[in-house]
Amino acid sequence: MTFRKLAFHNVYRNKRLYLGHFLSSAFSVMIFFTYAMLLFHPQLQGELASTSETIAALSKMGMTISQILIFVFSFLFLLYSVGSFLKMRKKEFGILMIHGLSPKQQIRMVFMENMVIGIISIAAGIAVGLVFTKLILLISATMLAIEKDLDFYFPLKAIGLTALVYVLLFLLISWFTSRLVKTKELVELLKGEDKPKPEPRASKGLSWLAALLITSGYGLAFYFVIERNFSFLLLFLIVALSVTGTYFLFTQFSVYWIRDLKGKRRLFFKKTNIITFSELSYRMKDNATMFFMVAVITAVAFTGMGTTIALGNPGLTEMTNPFAFRYHSDPGNEKKEDHLNLIEAELNQAGFTYRTGSFSIKYTENGLTVMRLSDYNSLLKAFGYPVNTLDSDKQAIAIPTTYAQKRDFEEKRGLTSEIDVVAGDVDKKLQIVKNVPHLVVSDIGKATIVTTDALYDRLPLQDWEAGEGREIVFLIDNWPETREVANRLKDAIPWQNGNPFYFAEPLVLEWLKSKQQNGLILIISVLVGIVFFTFAASFLYLRLYTDLERDRVQYQMISKVGLSRKELSRIVTLQLSFMFFVPLIMALIHSTVAFTALQQLVDYSVFKGGAAILISFTLVQIVYFLVARWRYMIHMENGKTEQ
């Protein structure tokens, strides 16, 4: 047998152990190929450029950065994975040394094995990516709000770039891992991992510190959003407390908790619990760092994907500007009626039901924004809210113009009962008779009040104002469907410097630009999240099968004294459930807290998209658990590992 055949047969013989490593590698190749395919797609770039040159530039930068991130994390994860395989193969290396394998040949063999897996992974990843190319293009077109379907093309540049990058990656991995091979005493290699392990121990203080740190992190997260104390230092502290608490949760609290359960004699000596808890404490201690990494990485992936979906929600755009169309007219605008008739005709022809309102605003010398009561009531009617009244010129209504102000009004924070109005010869102290929490106008001033029409008319214009402009607004419930109308009106009412009118950017076009920008982030976060989740799953697979031979021998010995198949199944199911679902549950808790905190900042539900992400990945993990448990039980019952 040649040396190359030996390396190939080593990979084939250990295919069960290498499966997780291979799948993770192939998956990262496929994701990288997907980015490259989108990056080089000419139709995609043309559509983005025609919509927004800025977004087109951001798309290229985003895809490039994502590819770099995938490369870096692939290198780190695969290096960890291969390093773990080398530790598992101590006995094999010892036997080969007995047959004359030299240290140089051992390094060469490890290098060739990694390259064999790498080349197969590259071919498989690109092949799978090509199979799903059309589906990926359809999904990408939807995420980026592109009207035309993206045509299938054969991505030669993407294939070439992916193959080149990952050949270099696996060369680096092979070189690094071959240098990790250390020549040890033959007896030590032959013993492998059979050395007795000490009793797992944990600190009671650090165990409770874990709960304190995580609770503090959650509390600061809600303080961050509720009080709107948007400090980077505070955000960093929230992340640091949560991550550190999670680390101690797995390395200390989990071991301490299991040890405490073992101290409850009635529970510990009930049926097979003595075996379950004893083995579980070792598993938790041995895998604590891996559980911590899986929980944090999964939480980051879940939160990133869920938050990005929330950012693409039309409610975010509507929250800052509730009107589908806005037309501003200055005094002397002779085209006002023609333009308004055109807007109404387009909406009627397209079958949209709309409600209109109009208002003017004035600014006082002491920094207030003022609106007349009749205008405000016209807006309230358009939204379906009850109208308001004022009994005299000495009264006023305070209204919010931002979502933050709206929340303050709802929670009755920072409200005032009186306010001064200073403008020209008017200097009055008005009584605020009502703080209305309805957001019907947006971003027109820090403090906005509604006065009687008579008082409003007495207020003079400021020196820098050419005249009292009028804002005519159109409210449409199904405004996300007004794209075609918006494009036609934008072309028909162009803005030029010096015009006495202005047709503002339609709400649907604002949303589409935001959706494209956030769609790029969503594509990036989803694909990176999938890679992270896949690597996390490969970690679980690796740790599961690392101890398979030891577990098989151990349970085979216990079965001789009466352990039944049903009892073995119950023990294995409980232990594997801890391995698969404890990190996932921790990630779900972290993500849920993040979504709950985010909900405090927006006026629409962020849980719909977040829940879809959490449920989808949880179902995948359940299926993965059932398959892994099924395969694990087969190996345990057969009394031998698959070769």
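Derivation of every value follows stated rules applied to the coordinates shown; laboratory data play no part. Treat the numbers as computed from the prediction; the structure is a model and nothing was measured. Glycine also receives a Cβ, built like all others from the backbone with ideal geometry; neighbour counts cover every protein chain displayed.
Give the order of ASP425, ASP477 when sorted by the count of other beta carbons within 10 angstrom, beginning with the fewest. Kindly include the intermediate steps, with their values, before the conclusion.
Numbers: ASP425 8, ASP477 11.
Lowest to highest Cβ neighbour count: ASP425, ASP477.
Kirkwood Rh over alpha-carbon pairs of segment 321-508, then Stokes-Einstein at 4 °C and 1.567 mPa s: what D in µm² s⁻¹, rounded to an integer? Show your work: numbers first, answer last.
Details: Rh = 17.7 Å.
Once the numbers are plugged in, D ends up at 73 µm²/s.
Full extension of the segment from ALA454 to ILE120, taken as 0.36 nm per residue of separation minus the current Cα-Cα distance, would add 112.2 nm. Shown in residue order for segment 218-228 are the 3J(HN,Hα) couplings computed by the Karplus curve 6.51 cos²θ - 1.76 cosθ + 1.60 at θ = phi - 60°: 5, x, 5, 5, 6, 5, 4, 8, 5, 8, 6 Hz (x for Gly and Pro). Fewest-first ordering of VAL72, VAL606, VAL165 by other beta carbons within 10 Å of each residue's beta carbon gives VAL72, VAL165, VAL606.
Within segment 321-508, DSSP assigns beta bridges of which about 75% are antiparallel (rounded to the nearest 5). A crude spin-label estimate for the pair PHE154 and TYR604, with each label 7 Å from Cα along the Cβ direction, gives 4.3 nm.
Per-residue extension of 0.36 nm, minus the Cα-Cα distance of LEU79 and MET633, leaves a gain of 196.5 nm for this segment. Placing pseudo-labels 7 Å out from each Cα toward the beta carbon at GLU334 and ALA612 gives an inter-label distance of 5.1 nm.
Would you mind checking the pairs LYS490/LYS608; LYS434/LYS608; LYS134/LYS608; LYS362/LYS429 and listing those with alpha carbons more than 24 angstrom apart? Violating the 24 Å Cα-Cα cut-off are LYS490/LYS608; LYS434/LYS608; LYS134/LYS608.
Taking 0.36 nm per intervening residue step and subtracting the Cα-Cα distance, what contour gain separates ARG108 from ILE585 on full extension? Don't jump to the answer; show the numbers that get you there.
Working: separation 477, 0.36 × 477 = 171.72 nm, distance 4.21 nm.
Here the segment from ARG108 to ILE585 would lengthen by 167.5 nm.
Working from label points 7 Å from Cα in the Cα-to-Cβ sense, the TYR223 to ALA350 distance is 4.8 nm.
Working note: Karplus 6.51/-1.76/1.60 with θ = phi - 60° gives segment 468-473 the couplings 7, x, 10, 9, 9, 10 Hz, where Gly and Pro are set to x.
Computed FRET efficiency, Cβ-Cβ of LEU171 and LEU626, R0 51 Å: what is it to the nearest 0.05? Present the calculation step by step, with values, prior to reporting the outcome.
On the way: r = 37 Å, r/R0 = 0.73.
After rounding to 0.05, the efficiency reads 0.85.
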